[in-house]
Amino acid sequence: MEWDYPHPFTLPATPGGDDIDGLNHTNNAVYVQWCERIGWAHSETLGLSLADYQRLDRAMVIRKAAYDYLLPSVQGDALTLGTWIVASDGKLTMQRRFQLVRERDGATILRGHWDLVCIELGSGKPRRMPPEFCETYLPAMVPA
């Protein structure tokens with residue numbers, strides 16, 4: 001597979017019957033759910049879980065999301081979803097990228113990105129990233 005950035009964090013994905021829409025391909029909303037799933041899995045692997053977010057009263061939340069649906073996938077397609085943290089100001093914002101690849105031909109079928117902002121969970125207001133976020137996320141960042 002040819003990845004957009006080096007060393008992706010990856011998860012396998014295979015569309016099942018419930019993922020297929022009336023056009024007989026994977027519904028776009030399923031890709032969004034897969035991106036959420038891999039984002040959390042990557043964060044947890046790096047060492048920050050939802051429980052950590054709650055304990056710290058901070059969270060990285062999506063301010064803007066964009067998805068480019070390049071090709072369809074169908075039920076049973078073996079896919080690999082990759083993600084990277086590609087940018088951060090080290091204070092308030094971070095950017096995460098996604099790439100979904102079809103294994104049988106190596107075709108990229110989706111690219112996406114999230115612009116994230118750190119908030120205080122109690123108030124919902126933007127707040128500076130706590131040291132734990134910087135210590136965990138910044139070393140995992142790859143150059144965009």
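The values are calculated or read from the model by the stated rules, or taken from the named source; none is laboratory data. A quick note: this is a predicted structure, and the numbers were derived from the prediction, not measured. Ideal geometry is used to build each Cβ from the backbone, glycine not excepted, and the neighbour counts take in all protein chains shown.
Within 18 Å of residue 139 (Cα to Cα) and either touching a residue at least 40 places away in the same chain (Cβ under 8 Å) or exposed (fewer than 14 other Cβ atoms within 10 Å of the Cβ) (or both): is that true of residue 17 in this structure?
The answer is no for residue 17.
Answer with yes or no whether residue 41 is touching a strand residue (DSSP E or B) at 6+ places or on another chain (Cβ under 7 Å), free of Cβ contacts under 8 Å to residues at least 40 places away in the same chain, aliphatic (A, V, I, L, M) and not in a strand (DSSP E or B).
Yes: the conditions hold for residue 41.
Given the structure, is residue 98 aromatic (Phe, Trp, Tyr), within 19 Å of residue 4 (Cβ to Cβ) and at pLDDT 95 or above?
So residue 98 passes the test.
Considering the range 54-105 alone, what residues qualify as being within 15 Å of residue 26 (Cβ to Cβ), under 19 Å from the mean Cα position of the chain (by Cα) and small (Gly, Ala, Ser)?
73, 78
Look at the range 20-38 and say how many of its residues are assigned to a loop (DSSP other than H, G, I, E, B) and either in contact (Cβ under 8 Å) with a residue 60 or more places away in the chain or touching a helix residue (DSSP H, G or I) at 6+ places or on another chain (Cβ under 7 Å) (or both).
Selection size over the range 20-38: 1.
Yes or no: the range 49-65 includes at least one residue that is aromatic (Phe, Trp, Tyr), surrounded by 14 or more Cβ atoms within 10 Å (Cβ to Cβ) and closer than 29 Å to residue 2 by Cα.
no
Would you say residue 69 is surrounded by fewer than 16 Cβ atoms within 10 Å (Cβ to Cβ), within 23 Å of residue 144 (Cβ to Cβ), of a type in the set (Ser, Thr, Tyr) and touching a helix residue (DSSP H, G or I) at 6+ places or on another chain (Cβ under 8 Å)?
In short, yes.
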